[in-house]
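Visitor: The following block contains the structure, expressed as structure tokens.
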Amino acid sequence: MRQSQLFTKTRFEAPKDEVAKNASLLIRSGFIHKEMAGVYVFLPLGLRVLENVKKIVREEMNRIGGQEVMMTTLQPKEIWEKTNRWDDSVVDNWFKTKLKNGTELGVGLTHEEPFVDAVGEFIQSYKDLPILTYQIQNKFRNELRAKNGLLRGREFVMKDMYSFARTEEEHNLLYEKVAEAYHKVYARLGIGHLTLRTSADGGIFTKKFSDEFQTLCDAGEDTVYVNEEKKISINKEVYTDENLEKLNIKKEDLTERRGIEVGNIFPLETKYTEALGVRCKNDKGEPEPIIMGCYGIGISRLVGALAEIFGTETSMIWPEAVAPFKIHLIDLSGSDEGVKKATEDLYQKLKEKDLVLIDDRDARAGEKFADADIIGLPIRIISSKKTLEKNGFEVVNRVTGKTEVLSLEDILETYGI
RNA sequence: CGGAGUAUGGUGUAACGGCUAGCAUACUCGCUUUGGGAGCGAGCAGUCUGGGUUCGAAUCCCAGUACUCCGACCA
């Protein structure tokens, strides 16, 4: 992609209506646009990051047998009434609307009911189980107060997966399989070492714990007690002597930290399937309850978390797996036709694999470097008279700081072109 | 939802109730410049909305709206 044609621009000044580092940084780099409090537009570079996160999540969910679907945003109130989650006194952050004829509708804030409703149609026999199905979709929550940029919005992108199992054992197997997949997702995003499976409140429908995936970061909204060494973590909301004993954790081993909840998995038991009348026949032809699990990953929240972790106010380095492009090619050819041609040749090659953003603007070096710092592509290749005199290009790995002059052939070989 | 604060060109800011609302940046044009946000000149562009007080309101008052922060909430 040519930066001269990219319609977004970086900006020098921080937006005054954002305090959160993630939103401020991403607005300054032109990755997102604030539409209103808690609602953000993903611009070309930001969308590429978001899509890369989705891709990784998809691959890992598919790998464990997840089947992707897409539920609807508009929701009929009937199914929510069956589980007693329609009334505002029970769930107060619904966005609701009406059809022309007055029929009430909900705007999806989560999708347990619709999944049970839609998937349940196909569950007749125990032979149909287990099922693991998911979607990546926008969620709408009427939060009383949006804050922290992408970390808590009113409209956000989430991956939610649901498992349907016949027995407790079958459920537990799926549950652990998903947990393992989650660890893989965070590892691929470059935050595996910071992300801990955390015991948390199981919610209002189960007496069990749920498991959150907390990425340690001071900007996080949750307080967790952790032992990074032993990979132990427990959310403050369930941090009691009784629970510590139940979980076999020693208080002295833990330190208080802040965490961003980047994922949450919890057992739903039979609450939703029973309420919506979804059962399966066992081998004697008798109806049996179905055990559910629910597994979420905040996709857009992860983009914010990455900005918090890998960014400063004026600089960013995206993990290679999600960077909008891997390489930022800085064209410093000026009016030198020879350098310009060499740069263009390299660009055309790297473009074949969609690896590169070229700064071909008629701008000075300082401006280009400053922009490249905040846009945050992990590899920087500088092309100028200086580098061409050495028969190559200056290649900087921004993570390690390693700088070397490589020839066109060397670079192409590195990327398998 | 309780409390506090803020609102001025695209962006960031300044202006005692009183001069043509200033500065920076961005943008447009011209010249110069070209490895860390260059220089000179010219130009475009603004007081959140609605009321009120006053000879006179960006400034004071009321209402609304939006945004931010603290708290509560977050299935």
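Visitor: I'd like to verify a number: residues in the stretch A:237-277 that are in contact with a Phe, Trp or Tyr (Cβ under 9 Å, 6 or more places away or on another chain), farther than 22 Å from A:Glu113 by Cβ, within 16 Å of RNA strand B (Cβ to nearest atom) and among the hydrophobic types (A, V, I, L, M, F, W, C), how many?
Guide: So the count comes out to 2.
Visitor: Kindly indicate whether A:Gly153 is within 10 Å of RNA strand B (Cβ to nearest atom), in contact (Cβ under 8 Å) with a residue 40 or more places away in the chain, crowded, with 23+ Cβ neighbours inside 10 Å and at positive phi.
Guide: Details: within 10 Å of RNA strand B (Cβ to nearest atom): yes; in contact (Cβ under 8 Å) with a residue 40 or more places away in the chain: yes; crowded, with 23+ Cβ neighbours inside 10 Å: yes; at positive phi: no.
Criteria not met by A:Gly153.
Visitor: Among the residues of the stretch A:160-172, which ones are part of a helix (DSSP H, G or I) and either in contact (Cβ under 8 Å) with a residue 12 or more places away in the chain or within 20 Å of the chain's Cα centre (by Cα) (or both)?
Guide: Result: A:Glu168, A:Glu170, A:His171.
Visitor: What pairs come out if I take residues in the stretch A:375-386 that are in contact (Cβ under 8 Å) with a residue 24 or more places away in the chain and pair them with residues that are charged (D, E, K, R) and away from RNA strand B (no atom under 12 Å from the Cβ) whose C-beta lies under 6 Å away, six or more apart or interchain?
Guide: Between residues of the stretch A:375-386 that are in contact (Cβ under 8 Å) with a residue 24 or more places away in the chain and residues that are charged (D, E, K, R) and away from RNA strand B (no atom under 12 Å from the Cβ), the close pairs are A:Pro378/A:Glu320; A:Ile379/A:Lys326.
Visitor: Also: Which numbered condition in (1) within 28 Å of A:Arg58 (Cβ to Cβ); (2) assigned to a helix (DSSP H, G or I) is the only one that A:Glu274 fails?
Guide: Status for A:Glu274: all satisfied but (1).
Visitor: Return a yes/no flag: does the stretch A:122-141 have any residue that is more than 14 Å from RNA strand B (Cβ to nearest atom), of a type in the set (Gly, Ala, Ser), loosely packed, with under 15 Cβ neighbours inside 10 Å and at positive phi. Reasoning before the result, please.
Guide: Filtering the stretch A:122-141 for residues more than 14 Å from RNA strand B (Cβ to nearest atom) gives A:122-138.
From what is left, the residues that are of a type in the set (Gly, Ala, Ser) are A:125.
Restricting the remaining residues to those that are loosely packed, with under 15 Cβ neighbours inside 10 Å gives A:125.
From the residues that got through so far, the ones that are at positive phi too are none.
No, the conditions are met nowhere in the stretch A:122-141.
Visitor: Filter the stretch A:18-77 down to the residues that are under 18 Å from the mean Cα position of the chain (by Cα), assigned to a loop (DSSP other than H, G, I, E, B) and surrounded by 18 or more Cβ atoms within 10 Å (Cβ to Cβ) and list them by number.
Guide: Passing the criteria: A:Ala20, A:Phe31, A:Gly38, A:Leu43, A:Gly66.
Visitor: Yes or no: A:Glu308 under 30 Å from A:Leu45 (Cα atoms), among the charged types (D, E, K, R) and more than 16 Å from RNA strand B (Cβ to nearest atom)?
Guide: no
Visitor: Here are the criteria: (1) within 14 Å of RNA strand B (Cβ to nearest atom); (2) of a type in the set (Lys, Arg); (3) part of a loop (DSSP other than H, G, I, E, B). Tell me which single one A:Lys100 does not satisfy.
Guide: Answer for A:Lys100: the failing condition is (1).
Visitor: Which of the residues spanning the stretch A:181-232 are away from RNA strand B (no atom under 16 Å from the Cβ) and assigned to a loop (DSSP other than H, G, I, E, B)?
Guide: Within the stretch A:181-232, A:Leu189, A:Gly190, A:Ile191, A:Glu228, A:Glu229, A:Lys230, A:Lys231 qualify.
Visitor: Taking the criterion of being more than 26 Å from A:Asn243 (Cβ to Cβ), surrounded by fewer than 19 Cβ atoms within 10 Å (Cβ to Cβ), in contact with a Ser or Thr (Cβ under 8 Å, 6 or more places away or on another chain) and not hydrophobic (A, V, I, L, M, F, W, C), would at least one residue in the stretch A:165-173 satisfy it?
Guide: No - not one qualifying residue is present in the stretch A:165-173.
Only the coordinates and a few stated rules stand behind these numbers; no lab work does. Small disclaimer: the values here were computed from a predicted structure and weren't measured. Positions of Cβ are backbone-derived with ideal geometry, glycine not excepted, and every protein chain shown enters the neighbour counts.
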